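A quick write-up on the structure given underneath.
The values are calculated or read from the model by the stated rules, or taken from the named source; none is laboratory data. Everything quoted here is computed from the prediction, not taken from an experiment. Here Cβ is always computed from backbone atoms with ideal geometry, including for glycine, and neighbour counts include all displayed protein chains. The accessibility values were calculated without ligands, DNA or RNA, using every heavy atom of the protein model including side chains. Shrake-Rupley method; radii C 1.70, N 1.55, O 1.52, S 1.80 Å.
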Amino acid sequence: MFVYSGAIHIHSKYSDGSLEPDEIGNIANEAGLDYIVLTDHNTLNALHFGYEKFYGKTLLIVGSEINDLENKNHYLVLGVDRLVGTFKDIGNNEFGNELPASKYVKELHDLGAVGFIAHPFEKRTQFPQHPQFPWTCWESDYFDGIEIWNHMSEWMEGLTESNKFNRLIHPLKSVVAPDTEAVKKWDELNLRRKVSAIGSIDAHSHKQNVLGFFTLDIFPYKVLFKSIRTNVLLDEKIDPDNQESFKESKQNIIKALKEGRSYIVNNYYGDAKGFRFFAEYKGEFYNIGEDFQIKDEKRDKVILKCFVPKQAKIKLIKNGNCIHETESTSGVWNYEGPGNYRIECWLADKAWIFSNNIRITTKNK
Ligand SMILES: [Zn+2]
Ligand SMILES: [Zn+2]
């Protein structure tokens, strides 16, 4: 198994970002990222102009972030070479899809896209020039996952008149943990069907008159590449020296994101490529994002194991509830009935690693 570290949800000049895709790819390579996912608003132009490839050791994948005519229901799609519906000008240099979200989610699913709900519970209301863009279309059931941690949303939500300068100077320190509501919703959804989680940066690198006083490059890509990442677990190696192999590696990464063979990490608090969480059952190992069924619930033994690259508060979560907590570099637990098991690692009050689930079922459940 190979672990690859990526930054998801990035805007380039093809929408409201400030650099060309290849410039972003090169910065990501310098930052040591294995992959990045570009998601310009309502367009796949970066794909059609041939920017999807390796930049040094970084694979740049092109997806898109779609929104409706009210600029709500932002949806990240990967793995398609065309979008659905038509886009209309909704003012302020922004566009929206004429289809309601339930339709574009379903139609993109039918096209073979892998889709993630972006910043579902965004709550920023303090600056009218930066409105919130929440998800309102929970009746749709064709999405694959949700973004439970979005650097930009969390940073903006916590912004006040009194802390704004501090936050601008320390953009990485002010990010604490995945959105509580999004995590709760994610756990609830998983009781019914598999829904994977991703973490993202939502990078624009705006040169903006942010707070009415001065123009500043808020969050250069380089800075954000040190923040929230989604590390994927692949069976196959990525080979950046073979430019031809990018399509296959792209498919493998997208598949891992869809299946939740991944964990989210705030890289600012340490590289987490050594993190492991797996279940051991009848001599087989089941990793994050995998499902398996127990044959004889009374007799069969399942052990859950976790290894963390440095000491952290490790929480074992089952169906959304913390069932064990330890301050350590590892954890070993006995299975406690069918359900979804995942790990959270915290460094004091800062979230560091959030894994996707291992789903354990029995014949009845
Ligand atoms: Zn958005
Ligand atoms: Zn965005």
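Set side by side, the residues Ile360, Ile253, Ile294 differ, and just one is closer than 18 Å to Ile198 by Cα and either modelled with pLDDT under 95 or open to solvent by less than 30 Å² (accessible area, probe 1.4 Å) (or both), which is Ile253.
One residue alone among Gly91, Gly112 is among the small types (Gly, Ala, Ser), surrounded by fewer than 22 Cβ atoms within 10 Å (Cβ to Cβ) and in contact (Cβ under 8 Å) with a residue 24 or more places away in the chain, and that residue is Gly112. Set side by side, the residues Val210, Val232 differ, and just one is β-branched (Val, Ile, Thr) and at pLDDT 95 or above, which is Val232. Within region 105-122, being of a type outside the set (Val, Ile, Thr) and away from ligand 2 (no atom under 16 Å from the Cβ) holds for Lys106, Glu107, Leu108, His109, Asp110, Leu111, Gly112, Ala113. In region 299-311, the residues that are closer than 7 Å to Thr329 by Cα form Cβ pairs under 6 Å with partners that are part of a strand (DSSP E or B), at six or more places apart or across chains, as follows: Phe307/Arg276; Phe307/Ser330; Val308/Thr329; Val308/Cys345; Gln311/Thr329. Note on region 96-109: residues that are under 20 Å from the mean Cα position of the chain (by Cα) and open to solvent by 40 Å² or more (accessible area, probe 1.4 Å) total 1. When Gln126 is tested against (1) open to solvent by 60 Å² or more (accessible area, probe 1.4 Å); (2) at pLDDT 95 or above; (3) over 18 Å from the mean Cα position of the chain (by Cα), exactly one condition is not met: (2). When region 1-14 is filtered for residues that are free of Cβ contacts under 8 Å to residues at least 40 places away in the same chain and either within 16 Å of ligand 1 (Cβ to nearest atom) or among the aromatic types (Phe, Trp, Tyr) (or both), the ones remaining, listed by number, are Ser12, Tyr14. Candidates are the residues of region 54-78 that are touching a helix residue (DSSP H, G or I) at 6+ places or on another chain (Cβ under 8 Å) and of a type in the set (S, T, N, Q); the one that is farthest from ligand 2 (Cβ to nearest atom) is Thr58. Once region 37-63 is narrowed to residues that are within 12 Å of ligand 1 (Cβ to nearest atom) and within 15 Å of Ala7 (Cα to Cα), the residue that is farthest from the chain's Cα centre (by Cα) is Asp40. Selection over region 64-81 of residues that are more than 16 Å from Val37 (Cα to Cα) and either near ligand 1 (Cβ under 10 Å from one of its atoms) or part of a loop (DSSP other than H, G, I, E, B) (or both) gives a count of 6. The sole residue among Phe121, Phe133 that is closer than 22 Å to Gly85 by Cα and within 22 Å of the chain's Cα centre (by Cα) is Phe133.
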